[in-house]
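Here the structure is laid out as structure tokens; the discussion comes afterwards.
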Amino acid sequence: MLNNTDTIVAIATPPGEGAIGIIRLSGGDAIAIANSIFAGKDLSQQSTHTIHYGKIMDGERIVDEVVVSLYKGPKSYTGEDVVEISCHGSDYVLQQVIGLCIKHGARMATPGEFTLRAFLGGKLDLTQAEAVADLIASNSASAHRAAIHNLRGGFSEDLKQMREQLIMFSALIELELDFSQEDVEFADRTKFYELIGRITAAAEELHRSFRLGNVIKNGVSVAIVGKPNAGKSTLLNALLNEERAIVSEIAGTTRDTIEELLNINGILFRLIDTAGIREHSIDTIELQGMERSRDAMGKADVVVYLFDLVQYLRSDFEQLELIKQAEAFEQGKTNYLLVGNKVDEAGRPQAMAALQNARLNAILISARNKDNIQELKTALYDQVVQGDIKQEGTIITNARHFAALEEVLKSLTDIKNGMDNNLPGDLLSPDIRRCLHYLGEITGEVTTEDKLDYIFSKFCIGK
């Protein structure tokens with residue numbers, strides 16, 4: 001881990017030209033370094049949380065006209081003195097100012113080092129620090145809401161309550177060990193059993209939320225598959241409400257997968273338009289496209305299987321094939337939706353009757369006329385969310401938290417089994433300590449230097 005007593009500097013805004021670029025300094029010499037290159041007020045004499053206009057000077061040369069914001073520790077993001085210099089957004093200007101800061105004693109920050117210092121200074125726990133990265137990366141309303149909840153300490157509070165109650169009983173059980181010769185019980189086993197039940201229920205709910213959390217954070221991949229000319233590209237265009245894919249009556253027009261993003265109620269869906277899959281083709285490029293389609297179907301979170309209702313009603317073979325395809329999805333435990341296209345040509349009553357007779361549940365649409373597209377969007381959303389999204393409450397989006405919660409649940413099971421078998425306190429204590437260890441590992445109360453380096457290395461440099 002790098003020395004966290006020196007003063008660090010970094011550009012806090014994205015690369016590229018812009019109206020404003022912000023350079024951030026943090027450390028004991030942040031104000032002195034900024035003062036040495038700033039022409040205007042004496043920054044060392046100014047109050048915290050104030051903004052000052054002036055010039056950045058390199059000797060007698062004016063580098064830029066800037067606004068400087070002062071945040072004196074401990075009332076700052078890192079808990080140290082922090083200075084933010086708002087320059088014009090030229091990369092040349094920003095590099096000039098960075099160079100001057102380094103020349104006067106700062107060093108370049110490493111990825112995530114500002115937030116690392118906030119964590120080490122007790123301004124954030126580890127779940128809140130990771131929520132900062134999640135908030136920066138959030139690209140949907142649900143991801144934003146989950147990150148904000150964790151950043152405000154919602155997840156930390158859940159864990160804190162579990163840990164504090166468990167520590168109290170752990171201390172009483174450890175105390176019993178000091179009086180083992182006197183055969184006394186300080187910890188009420190009935191209340192402890194009830195506590196283990198409550199903590200287990202809370203941990204299981206958090207653990208289950210990861211399925212949804214992964215959807216919120218990473219989005220949902222949806223493969224649109226089916227035979228050539230089923231209308232896959234037309235459906236993609238209808239879902240996006242724009243002409244993204246080429247539509248043609250010629251079979252095999254789509255030769256490769258096309259991927260686009262669609263936001264449905266705050267969840268990002270990655271729509272993958274695939275090449276049509278048919279049994280026989282001698283076109284080498286089309287064969288490669290079909291192979292990629294099968295690959296996309298195998299990796300997708302949801303498969304939308306699109307079929308031509310007109311062909312389905314005309315052919316017993318098509319009807320049998322669709323039944324087999326649905327059975328294959330069921331056997332493979334594939335998350336799928338059957339979608340019948342061209343209902344405007346086939347006729348809704350006839351199509352519904354035929355599908356009901358075959359015991360197939362399908363959404364009937366006309367991709368060309370954009371008929372029932374909203375129903376399909378709702379079905380996609382319900383397929384992955386299943387009513388789990390709450391406006392408030394913790395949703396686990398981090399794989400590290402998920403893995404630690406699995407260990408917590410294993411420890412809780414061992415504690416419960418031990419109590420069921422009337423084990424003495426000295427045999428319960430190791431499992432309780434293990435449970436406390438993994439709860440503390442999530443928030444950073446128990447951690448290692450290597451783990452911190454790995455976690456914060458994934459942040460952007462200016463954060």
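Sub-6 Å Cβ pairs linking a first residue in segment 85-101 that is in contact (Cβ under 8 Å) with a residue 24 or more places away in the chain to a second residue that is surrounded by fewer than 19 Cβ atoms within 10 Å (Cβ to Cβ) and outside any strand (DSSP E or B), at least 6 apart or interchain, are CYS87/VAL93; GLY89/GLU17, ordered by first then second residue. If you go through segment 408-439 and keep only what is in contact (Cβ under 8 Å) with a residue 60 or more places away in the chain, touching a Lys or Arg at 6+ places or on another chain (Cβ under 9 Å) and surrounded by fewer than 18 Cβ atoms within 10 Å (Cβ to Cβ), you end up with just MET419.
Taken together, the criteria exclude GLU205 from residues that are at pLDDT below 60 and not aliphatic (A, V, I, L, M). Considering segment 444-463, and only residues there that are buried (at least 20 other Cβ atoms within 10 Å of the Cβ) and assigned to a helix (DSSP H, G or I), the residue that is modelled with the highest pLDDT turns out to be PHE456.
Scan segment 163-176 and report the pairs whose first residue is over 21 Å from LEU405 (Cβ atoms) and of a type outside the set (Lys, Arg) and whose second residue is modelled with pLDDT under 75 and part of a helix (DSSP H, G or I), with Cβ atoms within less than 6 Å and a gap of 6+ or a chain change. These pairs meet every condition: ILE173/GLY425; GLU176/GLY425. For segment 80-115, filtering for residues that are under 18 Å from CYS460 (Cα atoms) and either acidic (Asp, Glu) or touching a Pro at 6+ places or on another chain (Cβ under 8 Å) (or both) leaves 3.
No other residue among LEU338, LEU405, LEU380 is in the same structural domain as TYR193 (by TED's automatic domain parsing), buried (at least 18 other Cβ atoms within 10 Å of the Cβ) and either touching a strand residue (DSSP E or B) at 6+ places or on another chain (Cβ under 8 Å) or not β-branched (Val, Ile, Thr) (or both) apart from LEU405. Only a single item in (1) touching a helix residue (DSSP H, G or I) at 6+ places or on another chain (Cβ under 9 Å); (2) farther than 24 Å from LYS299 by Cα; (3) free of Cβ contacts under 8 Å to residues at least 40 places away in the same chain is not met by PRO349, and it is number (1).
Just checking, does segment 48-57 include any residue being modelled with pLDDT of 95 or more, surrounded by fewer than 16 Cβ atoms within 10 Å (Cβ to Cβ), assigned by TED's automatic domain parsing to the domain that holds VAL97 and part of a loop (DSSP other than H, G, I, E, B)? Scanning segment 48-57 turns up at least one residue that is modelled with pLDDT of 95 or more, surrounded by fewer than 16 Cβ atoms within 10 Å (Cβ to Cβ), assigned by TED's automatic domain parsing to the domain that holds VAL97 and part of a loop (DSSP other than H, G, I, E, B). Name every residue in segment 119-152 that is buried (at least 19 other Cβ atoms within 10 Å of the Cβ), among the aliphatic types (A, V, I, L, M) and either within 16 Å of SER76 (Cα to Cα) or touching a residue at least 60 places away in the same chain (Cβ under 8 Å) (or both), in order of residue number. Matches in segment 119-152: LEU124, LEU126, ALA129, VAL132, ALA133, ALA143, ALA146, ALA147, LEU151. Residues in segment 218-259 that are in contact with a helix residue (DSSP H, G or I) (Cβ under 6 Å, 6 or more places away or on another chain) and either modelled with pLDDT of 85 or more or more than 15 Å from ASN341 (Cα to Cα) (or both): 14 in all.
The values are calculated or read from the model by the stated rules, or taken from the named source; none is laboratory data. The shown structure was predicted, so the numbers you read here are calculated from the model rather than taken from an experiment. In this analysis, Cβ positions are derived from the backbone assuming ideal geometry, glycine residues included, and neighbour counts consider all displayed protein chains.
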